[in-house]
Amino acid sequence: MKIGISCYPTFGGSGLIASELGVGLAERGHEVHFITYASPGRLNIQVSGIFFHEVSVPDYPLFEYPPYSLALASKIAECVEKHGIELIHAHYAIPHTASALLARDIVGKDKLKVVTTLHGTDITLVGSDPSFLPVTKYSIERSDAVSVVSMFLKDEIDRVFSCRNDIKVIHNFINPLDYQCKDRESLHAIFAPKDEKILIHVSNFRKVKRIQDVIKIFIGVRKLMKTRLILIGDGPELNAAIESVKGENAYEDLIVLGSRDSVEEIIGSADLLLLPSETESFGMAALEAMAAGVPPLASNVGGLPEVIDDGITGCLTTVGDVDEMIRRAIELLSDENKRRQMGENARGAAFNKFNINTALDEYEDLYGNGLN
Ligand code: GMT
């Protein structure tokens, strides 16, 4: 098929999934066209069958808010005409699905199918905000097929939008080939030269991630054992997090790495991943850690229980219960055999339950048989 993919090309999980999906589809012989304002950070453009079309929004004094959604719709319509794209897969409803639907109106309904994957805050926060709710509901109902990344998100859509269409759950996935993590020991020694334990947090540093809980856990654990904290990613809460660590005189044990194209090896060098989020429709960082053999310690919210089996492949704790999180972290970090076993279980679950090949089959089925 000739497939268009529209997504946020940032370092978030939805952009990552869209990129990996596109590459996987291209490897299966499809022609995949990414249509976004920048090439996704983790997109491997060396794969044959991958194309990238940049959406640019002209600057004009009248535009206080440059209309990206309209520029995207125009670009999709143009790509359909020029390259014969048959289907556009929109990741994150706002604005990608709305733009795709407009493009479908432009080129004709018989020429383009619109498939939407909902990722999380496009439903739980942004999409259900009154300023976007009608457009989100319309986007879901008018798509030719809709998928969500967890059962939790499907239930949320039923609760908030009561949409009439069929919604398929296709869990997020990893490619086992990306998680060989051969450098674990040497990287661990670089990040922890005094044989400290390594905690890691990977996110876009927004309020929903509860970064201050990450810091509190780090400080709490560090009181009892030599510990360092690695932060990967960037976002509005990062500076405050760094300041808090300085305030606790723990700055020497903080490693801030910013946004990175590839995180697999670095995550694999850690002992424990922290994800104490307020909500998480799936929790891609937890899955990435699991694939790297690192147990995640996460909140028991949203889709996280679908990813983590508490006590087997990681730890689930009540949101905001930092004392409990510190207790669970110390318990695991003090017992290397148990930690390693949990990491192995996590890796097995990631490779088997969340394998890219299963997800590719499910998406191909959605494109072929799942259309309304
Ligand atoms: O919705 C967001 O916060 C952004 C989005 C993203 O682009 O990373 O994250 C959501 O989608 C990810 C990929 O499906 C999920 O792993 C995240 O759990 C989800 N974030 C939230 O639900 C907060």
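The values are calculated or read from the model by the stated rules, or taken from the named source; none is laboratory data. Bear in mind the structure is a predicted one, so any value in this text is a computation, not a measurement. Every residue, glycine among them, receives a Cβ derived from its backbone with ideal geometry; neighbour counts consider all protein chains shown. Ligands, DNA and RNA are stripped out before the accessible areas are found, and what is left, the full protein with its side chains, is counted by its heavy atoms. Shrake-Rupley method; radii C 1.70, N 1.55, O 1.52, S 1.80 Å.
Structure notes:
- Per residue, in Å², the accessible surface of region 207-302 once ligands and nucleic acids are set aside, probe 1.4 Å: 34
- Based on alpha carbons, the Rg and Dmax found for region 7-58 are 10.5, 36 Å.
- What a 1.4 Å probe finds exposed on region 36-175 is 55% carbon and sulfur by accessible area, rounded to a whole percent.
- VAL160-GLU81 pseudo-label distance in nm [points 7 Å out on the Cα-to-Cβ vector]: 3.6
- For the pair ASN249 and GLU185, label points projected 7 Å from Cα toward Cβ lie 3.6 nm apart.
- In plain terms, the C-alpha convex hull of region 240-357 casts an average shadow of 7.9 nm² when viewed from every direction.
- Eligible aspartates and glutamates near LYS194 by straight Cα distance, threshold 19 Å, same-chain separation 8 or greater: ASP183, GLU185, GLU252, ASP253, ASP271, ASP335, GLU336
- Carbon and sulfur %, accessible surface of region 176-353 computed with the full protein complex present, 1.4 Å: 47
- Extended-chain gain in nm, criterion 0.36 nm per residue less alpha-carbon gap, ASP105 and GLU64: 12.1 nm
- Report summary: the helix-based calculation at 222 nm, which adds -39500 (n - 2.57) for every DSSP H run with n ≥ 4 and divides by the residues of the chain, gives -13000 deg cm²/dmol.
- Rg/Rh for the chain (Cα atoms only, Rh after Kirkwood) is 0.99.
- Lys, Arg +1 and Asp, Glu -1 on Cβ, resulting dipole of the chain about Cα centre, debye, nearest 20: 120
- The lysines within cross-link reach of LYS182, meaning a Cα-to-Cα straight distance under 20 Å and a gap of 8 or more places when in the same chain, are LYS197.
- The GluC sites (Glu not before Pro) of region 1-100 that DSSP puts in a loop, and whose beta carbon has at most 16 other beta carbons within 10 Å, are GLU64, GLU86.
- Trypsin sites (Lys or Arg not before Pro) restricted to region 182-276 and DSSP loop, no more than 16 other C-beta within 10 Å: LYS182, LYS194, LYS223, LYS226, ARG260
- Comparing region 145-291 with the 2.2 N^0.38 Å rule of thumb, its C-alpha radius of gyration ratio is 1.19 (two decimals).
- Three semi-axes of the equivalent ellipsoid, region 69-210, Cα gyration tensor, whole Å, largest first: 37, 20, 14
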